[in-house]
Amino acid sequence: MTLDRRSFLKALGVGSAASLAACATPGGGLSMAKSGGRRVVVVGGGYGGTIAAKYVRMLDASIEVVLIERNRQFVSCPFSNLVVGGMLNDLSTLTVGYDKLAANHAIKVVYDTVTGIDTAAKTVTGSTGTIDYDRLIVAPGVDFRFEELEGYDPATTPEIMPHAWKAGPQTLLLRRQLEAMRPGGTVIISVPATPFRCPPGPYERASMIAMYLKRSKPGSKVVVLDANPDIVSKAGLFRKAWAKHYQGIIDYRGAKRVTGVNPRNMTVSIEGLEDVKGDVINVIPPQRAGDIARAAKLTGPDNRWCPVNATTFESTVAKNVHVIGDACIAGAMPKSGYSANSEAKVCAANVVALMNGRETIEMSGINTCYSFVSEKEAVSVAGVYAVKGGAIISVPNSGGVSPDLSETEAIYAKSWINNILVEMTT
Amino acid sequence: MIQRSATWALAALVSLCAGAAVAAPPSAAMLSNACAGCHGTNGGSAGPSMPSLAGQSKEAIVDAMKKFKSGERPSTIMGRLAKGYTDADFATMGDYFSRQKLHPTRQALDPALVARGAALQEANCSRCHLEDGKEGKDDTPAMASQWLPYLQMQMSMYLSGQRKMPEKMEEKVKPLSRADLEALLHFYASVK
Ligand SMILES: Cc1cc2nc3c(=O)[nH]c(=O)nc-3n(C[C@H](O)[C@H](O)[C@H](O)COP(=O)(O)OP(=O)(O)OC[C@H]3O[C@@H](n4cnc5c(N)ncnc54)[C@H](O)[C@@H]3O)c2cc1C
């Protein structure tokens, strides 16, 4: 009755390279005349942007929707830790295209990198031209605050000390480094201070790497240097899994903020302590909203994240601009793929309401994050969200973490990634 | 920078006033679409183990949600999620999913088992699982096209006593062999 990997992968054949054929890029790129009366432009086709584009079209087919994404294929961060750990052989099952989405909902997908947003003129500019919008939804995910790490060169350091915090070549590089490491080696994972994309992600990664080392690199260990005082999410469950499976392999050190890197010596420095040396070093840098959100001045006083209205996700800085996903400040909702999906639907419903002069609808949202802790076991955190006093709160007495490590949750987790990727791509 | 913060503060103030306009309470779509990240758009699951909700009766969904919330029905995650909603929300979402078309699935099923199940269902299950499982009596869930691994997990939970079977269903299930039950599940999963 267990789901073997083959059927999981088969079920996952959502949108591999094969589906690139019917490219949806309109000929003129961004210089396109408006086809209808009203237009929504979405910047970023990830967990948030695809869903926002789709649901606007589902709710009101009279609104033209243009989705601008820089890559022709999207690689999912969720489940990419399974590639790092070797449970998945490569990223093919996590790589999806936009054709079906574009065709099913008549969404105009333009492959371009947005370089400018003029919120006064209501235009978006990329290399293929400039397009105007009635409402704009910005979903660029995160970029990194590399400048806070001494000695870090954004061009060269990730090739030596991969972050693998955007799935793709970085994920595969980290995997290759682990495979090439000598038995008895040390892997370092540095975790930035909150908030960052996917709070349980670093600890899932530590579990997956430890799983691999235990099997294939005897005597090796994983040192987790965490800027936070303790494991940020599902702490009890991760500790339980580590004690059960990875005793003596995972060396967790809380309140150890990495402040600098030395790629030549393969060391990282920590405030007030001696440098730590590693054979493989996974530096997860501190983060902020995607660069385009900052360039468009959509960030708040912290200059990092974008403040939004808790019901419409309209920017509190710029009118007619909405920000969803990792880039926005969504109150109690963590920065996750599920949150981005849920926020996108709330945003779409209210964009459509506002464009039709209707009353806005109070948000109701969900987050769930599954984390694998071993080949067969996963744990989850879940939450239900509502608005109170103008802020997104977690509904009291709801949600929480799994009672225990669970094989059943691992089965459901595989169905979750399938479902959410199908939702994004069809 | 100072100037930037000042504009920001002003903008925040303006939008705070604008945002004071009250919003309508969460609509059926607002509540239900949040579930779709696991159960699929409009409740049609892409599988292979998350169940579809599309086309389930309102009663079946409300009953399931209440039992998840109270803990009467065991779950991995639905109990934690159900606690975030009221009975009125359950009714709203149940109504929403009941209006969605049953989600046809393509699954690898054993034709011999499907045929055997088809022969068994009339006498054993059709009193409550109506129309080949496309509908259910009262709060009986629809099973047509449901994902087989999901149905198998639920049947295991019934047989092990973790999930409580309705008495009248138990009377029918008990005398059947594991192989017969497996055949019935293949049959229901095959119905389009
Ligand atoms: C290792 C790891 C594991 C994770 N596991 C989980 C998990 O199990 N569950 C979960 O829910 N979440 C998980 N997450 C978090 C999840 O990946 C993010 O929260 C999610 O991707 C956020 O969605 P988004 O739409 O905000 O950004 P993204 O999904 O990153 O999408 C942003 C898109 O915008 C595009 N873009 C950016 N700038 C521009 C521009 N200027 N022009 C054009 N296009 C642009 C990018 O190319 C990208 O496609 C994980 C993250 C990591 C790193």
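A few comments on the model shown:
- Qualifying residue in region B:1-18 (condition: at pLDDT 80 or above and either aromatic (Phe, Trp, Tyr) or in a helix (DSSP H, G or I) (or both)): no
- So A:ILE329, is it touching a residue at least 12 places away in the same chain (Cβ under 8 Å), within 14 Å of the ligand (Cβ to nearest atom), hydrophobic (A, V, I, L, M, F, W, C) and buried (at least 24 other Cβ atoms within 10 Å of the Cβ): no
- Meets criteria (basic (Lys, Arg) and over 17 Å from the mean Cα position of the chain (by Cα)) for A:LYS319: yes
- The residues of region A:353-363 that are assigned to a helix (DSSP H, G or I) and within 10 Å of chain B (Cβ to nearest Cβ) amount to a single one, A:ALA353.
- Residue that is at negative phi, buried (at least 18 other Cβ atoms within 10 Å of the Cβ), small (Gly, Ala, Ser) and not assigned by TED's automatic domain parsing to the domain that holds A:ALA332, where the choices are A:ALA167, A:ALA139: A:ALA167
- Scanning region B:110-137 for residues that are within 19 Å of B:GLN154 (Cα to Cα) and under 21 Å from the mean Cα position of the chain (by Cα) returns B:CYS125, B:SER126, B:CYS128, B:HIS129, B:LEU130, B:ASP132, B:GLY133, B:LYS134, B:GLU135, B:GLY136, B:LYS137.
- Residue check, A:ARG294 within 11 Å of the ligand (Cβ to nearest atom), charged (D, E, K, R) and open to solvent by 10 Å² or more (accessible area, probe 1.4 Å): yes
- Of the strands (runs of 3 or more DSSP E) lying entirely inside region A:364-426, the ones with 3 or more residues being among the hydroxyl-bearing types (Ser, Thr, Tyr) and within 12 Å of the ligand (Cβ to nearest atom) are found at A:364-372.
- Residue in region A:341-352 that is open to solvent by 20 Å² or more (accessible area, probe 1.4 Å) and either within 10 Å of the ligand (Cβ to nearest atom) or part of a loop (DSSP other than H, G, I, E, B) (or both) present: no
- Residue check, A:THR125 part of a strand (DSSP E or B) and within 10 Å of the ligand (Cβ to nearest atom): no
- Qualifying positions in region A:170-184 - in a loop (DSSP other than H, G, I, E, B) and either touching a helix residue (DSSP H, G or I) at 6+ places or on another chain (Cβ under 6 Å) or surrounded by 14 or more Cβ atoms within 10 Å (Cβ to Cβ) (or both): A:MET181
- When the residues of region B:82-105 are filtered to those that are open to solvent by less than 60 Å² (accessible area, probe 1.4 Å) and acidic (Asp, Glu), the one that is nearest to the other protein chains (Cβ to nearest Cβ) is B:ASP89.
- Within region A:142-164, the set of residues being within 16 Å of the ligand (Cβ to nearest atom) and open to solvent by less than 20 Å² (accessible area, probe 1.4 Å) comprises A:VAL142, A:PHE144, A:PRO158, A:MET161, A:PRO162, A:HIS163, A:ALA164.
For (1) surrounded by fewer than 24 Cβ atoms within 10 Å (Cβ to Cβ); (2) β-branched (Val, Ile, Thr); (3) within 30 Å of A:VAL280 (Cβ to Cβ), each residue gets a yes or a no:
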site: A:ARG39; (1), (2), (3): yes, no, no
site: A:PRO78; (1), (2), (3): yes, no, yes
site: A:ASP90; (1), (2), (3): yes, no, yes
site: A:ALA103; (1), (2), (3): yes, no, no
site: A:ILE107; (1), (2), (3): yes, yes, no
site: A:GLY129; (1), (2), (3): yes, no, no
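- Residue list for region A:224-268, filter: part of a helix (DSSP H, G or I) and hydrophobic (A, V, I, L, M, F, W, C): A:ALA235, A:LEU237, A:PHE238, A:ALA241, A:TRP242, A:ALA243
- Of the residues examined, A:TYR133 is one that is among the aromatic types (Phe, Trp, Tyr) and away from the ligand (no atom under 11 Å from the Cβ).
- Here A:VAL83 fulfils each of the conditions (1) under 26 Å from A:SER336 (Cβ atoms); (2) more than 14 Å from every other protein chain (Cβ to nearest Cβ); (3) more than 10 Å from the ligand (Cβ to nearest atom); (4) open to solvent by less than 60 Å² (accessible area, probe 1.4 Å) apart from (3).
- Listed conditions (1) within 11 Å of chain B (Cβ to nearest Cβ); (2) in contact with a helix residue (DSSP H, G or I) (Cβ under 6 Å, 6 or more places away or on another chain) are all met by A:GLU377, apart from (1).
- Criterion violated by A:ILE51 - all others in (1) more than 9 Å from the ligand (Cβ to nearest atom); (2) within 14 Å of another protein chain (Cβ to nearest Cβ); (3) within 22 Å of the chain's Cα centre (by Cα) satisfied: (1)
The values are calculated or read from the model by the stated rules, or taken from the named source; none is laboratory data. Since this is a predicted model, take the numbers as computed values, not measurements. Because the Cβ atoms are built from the backbone with ideal geometry, glycine has one as well, and the counts that use them run over all protein chains shown. The area values use the complete protein model at the heavy-atom level, side chains included, leaving out ligands, DNA and RNA. Shrake-Rupley method; radii C 1.70, N 1.55, O 1.52, S 1.80 Å.
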